[in-house]
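Below is one structure; the comments refer to it alone.
The values are calculated or read from the model by the stated rules, or taken from the named source; none is laboratory data. Nothing here was measured: the structure is a model prediction, and the numbers come from that model. Virtual Cβ from ideal backbone geometry, glycine too; neighbours counted across all protein chains shown. Calculation scope for accessible area: heavy atoms of the full protein, side chains included, ligands and nucleic acids excluded. Shrake-Rupley method; radii C 1.70, N 1.55, O 1.52, S 1.80 Å.
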Amino acid sequence: MHFEVLVEELSAKCVLDTLLPKIIGEDHGFSVHSFRGKQDLLSKLPSRLKGYSRWLPPDYRIVILVDRDNDDCRELKQRIVDVVRETGLETRSLVRIALEELEAWFFGDVPALRTVYPRISLHLERRTGFRDPDAIQGGTWEALDRILKQAGYAEGLASKTEAAKNVSRHMDPGSNRSYSFQVFCRGIHTLLAGRDNVGGR
């Protein structure tokens, strides 16, 4: 099977370029395509999917991943699922929302974060406000930037892309505590099993 993955920005592409082989194994292929932000992805999604509908080989699947940010998760997901259904690709597609941003997946794997940033507290995941990676308030990017500065990294999260490359290299998909990451992995495995899961959990 081959996965065409659409993400909203380059840092998400960096993460999935590294993580997908760990999730799908070496027998499957993938291409991750980044856009210039969520609105750019959403505005171009109808034409992109129409294009896929004209040439997509039988063993190809489409994965769409966006950050929730301040959107209503269900409304955002339904909006994307509706576009997918209009192109007739619902049985070959997966829509997933990162809560609230992709950095929540980093907080779901503190050992990977500490491998790159060893001055971060070993007990970060026990601190109030960080126990549930998907419920971190005020933006996970901002939270990670703040944590890095508190740990003595003066530049904080200076480059999302570099952080994405470095942290994802050490992430273990099987032990990540982020629920949205677990749902993402489960959806990929559902597609691999040959089942329809466009908007499922």
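General observations
- Count of the range 2-32 residues which are farther than 17 Å from TRP105 by Cα, open to solvent by less than 50 Å² (accessible area, probe 1.4 Å) and at pLDDT 95 or above: 9
- Test: residue in the range 111-123 that is in contact with a strand residue (DSSP E or B) (Cβ under 8 Å, 6 or more places away or on another chain) and either surrounded by 19 or more Cβ atoms within 10 Å (Cβ to Cβ) or free of Cβ contacts under 8 Å to residues at least 24 places away in the same chain (or both): no
- Subset of the range 80-129 [within 21 Å of SER175 (Cβ to Cβ) and charged (D, E, K, R)]: ARG96, GLU101, GLU103, ASP109, ARG114, GLU125, ARG126, ARG127
- Subset of the range 89-101 that is under 16 Å from the mean Cα position of the chain (by Cα) and open to solvent by 10 Å² or more (accessible area, probe 1.4 Å) - its residue that is modelled with the highest pLDDT: ILE97
- Per-region count, the range 128-155, residues open to solvent by 10 Å² or more (accessible area, probe 1.4 Å) and in contact with a Leu (Cβ under 6 Å, 6 or more places away or on another chain): 3
- Number of the condition not met by ASN197 [criteria: (1) crowded, with 17+ Cβ neighbours inside 10 Å; (2) at pLDDT 90 or above; (3) polar (S, T, N, Q)]: (2)
- Test: HIS170 is surrounded by fewer than 14 Cβ atoms within 10 Å (Cβ to Cβ), more than 13 Å from the chain's Cα centre (by Cα) and at pLDDT 90 or above: no
- Among the residues of this structure, THR161 does not count as one that is within 21 Å of the chain's Cα centre (by Cα), closer than 30 Å to PRO58 by Cα, in contact (Cβ under 8 Å) with a residue 12 or more places away in the chain and surrounded by fewer than 17 Cβ atoms within 10 Å (Cβ to Cβ).
- Selection within the range 33-78: residues that are over 24 Å from TYR179 (Cα atoms) and hydrophobic (A, V, I, L, M, F, W, C). The member of this set that is most open to solvent (accessible area, probe 1.4 Å) is TRP55.
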